[in-house]
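Quick note: the coordinates plus some simple rules give every number you see, no bench work behind them. Keep in mind the model is a prediction, meaning the values are calculated, not measured. Ideal geometry is used to build each Cβ from the backbone, glycine not excepted, and the neighbour counts take in all protein chains shown.
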Amino acid sequence: MSKASDDSSITGAAKVVPTQYDSIGQTYTPVTYLPTVRLTTSNIRDIVTPLLTSCSSKPVRALDIACGTGFYTRSLLEWGADLVVGSDISTSMVDTARTQSTHLQNSITYFVADASLPAFPPKETMAGQTLPKGELFDVVTGIWCLNYASSSAHLKRFFTTISQNLKPGGSFIGVVPNIHTTDLKPLNEVWIEELTVERGLIYGYSISKVIPITEGEGAGEGYSVHITAHVQPKPVEFDCYFLNGECFEKAALESGLGKIEWLEVKDAAEFNGEFGDFSDGFWDTYKGSRSFNIIRIRKQ
Ligand SMILES: C[S@@+](CC[C@H](N)C(=O)[O-])C[C@H]1O[C@@H](n2cnc3c(N)ncnc32)[C@H](O)[C@@H]1O
């Protein structure tokens, strides 16, 4: 049994259940090198850095929900946080995050938990590591987290967690699928016809099995999708949901967190040569149907 799952059963922390990411933990890292992920990272860095460096209270604390292997959790330290907590529903992802962060153990705490459940963070955490109990965070990030909500009601539960963990005036920054906010039609036209294997091979990922949600809490609110990241040595594949923008706006307001701002996303060309390793025209097709949006919500 892995350390994390072992610890959870001992402490009675949020029950650890197997997730689709448990078979991905060891092979996920190459995904963070994909061109589109690099573009996401540069955008997030430029948005989050001023939020962290302008905090007047010290130490500056950040929470990274759905932290996966801790790529952004570690980046938050580089971008100005003093203490960071990373959490994820998958034991295997958290195990990998810990392994890759041993040099940062005084600044990062990881734990396993479902961020859409009310007991978050769990009262007791992994052995040997304590969470900053009762402390709220200046910034919460959820990079490709909210696409695991299968309905606006489920989204609301994620936003409630975020709200409970943010200081008043603090910000949540999230990366979410770009489905053109409210109109679901472009999703079918753009994503199904253009983001097929051919585009996936250029930009590193593809989307398939786009199925409208017709039953349950999320009926009529969007699509379930299957994503494949075409990385070596093994493709990374998972299922998630693309809900329409109205669901996000409604859930954020109803949770009490606040109003969503849909932030402007910069193209690769706007990063002063940072993407110079890509050929001219590489991003041309991508511009019209970018895969992600970035949202900010300031806690009221
Ligand atoms: C695509 S990965 C992104 C990981 C990381 N944020 C990054 O960008 O490198 C999505 C992560 O969300 C996690 N996840 C899915 N549902 C979750 C939930 N309800 N609570 C916490 N984490 C969740 C998965 O286990 C997985 O590690």
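By the scheme Lys and Arg +1, Asp and Glu -1, what is the net charge of all other residues having a beta-carbon under 10 Å from that of Phe172?
Details: positive: Arg296, Arg298, Lys299; negative: none.
That works out to +3.
Stretched out fully, how many nm does the piece from Ser23 to Trp262 gain, at 0.36 nm a residue minus the Cα gap? Provide the component values of the computation, followed by the final result.
Numbers: separation 239, 0.36 × 239 = 86.04 nm, distance 3.29 nm.
Roughly 82.7 nm would be gained on extension.
Can you give the log10 of the normalised intensity I(q)/I(0) at q = 0.28 Å⁻¹, computed with Debye over equal Cα scatterers of the range 219-284?
-1.07
For Thr29, what charge total do you get from the other residues with a beta carbon under 15 Å from its beta carbon, if Lys and Arg give +1 and Asp and Glu give -1?
With Lys, Arg at +1 and Asp, Glu at -1, the net is +2.
I'd like to know which of His103, Ser23, Val37 lies farthest towards the positive end of the charge dipole of the range 11-111, counting +1 on Cβ of Lys and Arg and -1 on Cβ of Asp and Glu.
His103
Which FRET efficiency, nearest 0.05, do Asp277 and Gln100 yield, Cβ-Cβ r, R0 30 Å?
It comes out at approximately 0.80.
State the Cα centre-to-centre distance between the range 233-253 and the range 35-99 in whole Å.
Cα centroid to Cα centroid, the span is 19 Å.
Distance check, please: which entries in Lys234/Lys287; Lys156/Lys299; Lys58/Lys156; Lys167/Lys259; Lys234/Lys266; Lys167/Lys266 exceed 21 angstrom between their Cα atoms?
Result: Lys234/Lys287; Lys58/Lys156; Lys234/Lys266; Lys167/Lys266 exceed 21 Å.
Can you list residues whose amide H is under 5 Å from Gly68's amide H, if they're 5+ apart or on another chain and H is modeled 1.01 Å from N?
none
What ranking do 248-259, 267-278 get when scored by the average of other Cβ atoms within 10 Å per residue, highest first?
By packing density, highest mean first, the sequence is 248-259, 267-278.
Please give the contour-minus-distance gain from Glu254 to Ser42: 0.36 nm per residue of separation, less the Cα-Cα distance, rounded to one decimal in nm.
The Glu254-Ser42 span can extend by a further 73.2 nm.
Work through the residues other than Glu221 whose Cβ is under 10 Å from its Cβ and net out their charges, Lys, Arg +1 and Asp, Glu -1.
-1
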